[in-house]
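Notes follow once the structure below has been shown.
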Amino acid sequence: MEGNTTNDQLALRADDANVLLPPFQSAKDFPILPKPDKLLTFYQTCRQALVDANTARSLLKQRMSKKKDVIGIIRVEIEKLEQDLALEANTRLRLHAMNEQLLGALQEMELMAEDVSTTITEAHGGRRTGLKTLVERLKVLVRNWRLFKQKQRGSISKDLLDKHDGETSF
């Protein structure tokens, strides 16, 4: 909705530019030595040219002021856009980092699953006398799994804390 307000303001300022300036008269249009019988007419013409020039200068100052206002509005919008783009870039970087972290966790889980599968397969094919080593290997696998889960929880907690510390309110 805010963008519409800015567009409306710019449209109103563009309409103001359509106000016509009074005609300009060059100093060359006036004689250097007017005839004495035409001095009154010459004075009135010069005076009107001066009034027109002052009116034109006033209108041009107003237009320049309005142009400065439009430039100010555009600069504010550009700053907002830059802030939005910076926020989006930061969000994309964080998302990419999270994806990398998730990929690493999935690869680690896959390796653990392969270890468990290999251990179970060997247990089915092996003799019962190696049960003690099998139990020890399973204990190591369970311990690794628990460490992995703790590491992931800690990583998620750290990311959440970093997110809250790094956020800024606009």
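Readers should treat all values here as calculations from the given coordinates under stated rules, not as data from a laboratory. Keep in mind the model is a prediction, meaning the values are calculated, not measured. Cβ coordinates were reconstructed from backbone atoms using ideal geometry, including for glycine residues, and neighbour counts include every protein chain displayed.
If each residue's Cβ is checked for other Cβ atoms within 10 Å, how do L103, L134 rank with the fewest at the top? Walk me through the intermediate numbers first.
On the way: L103 10, L134 15.
Exposure proxy ranking, most exposed first: L103, L134.
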| request: Give me the lysines in straight-line cross-link reach of K149: C-alpha distance below 24 Å, same-chain residues under 8 apart excluded. | output: K139, K158, K163
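Once the cut-off is 20 Å, how many percent of the Cα-Cα pairs in segment 26-103 end up in the long-distance tail? Show your work: numbers first, answer last.
Working: 1979 of 3003 pairs.
The proportion of pairs with Cα distances above 20 Å equals 66 percent.
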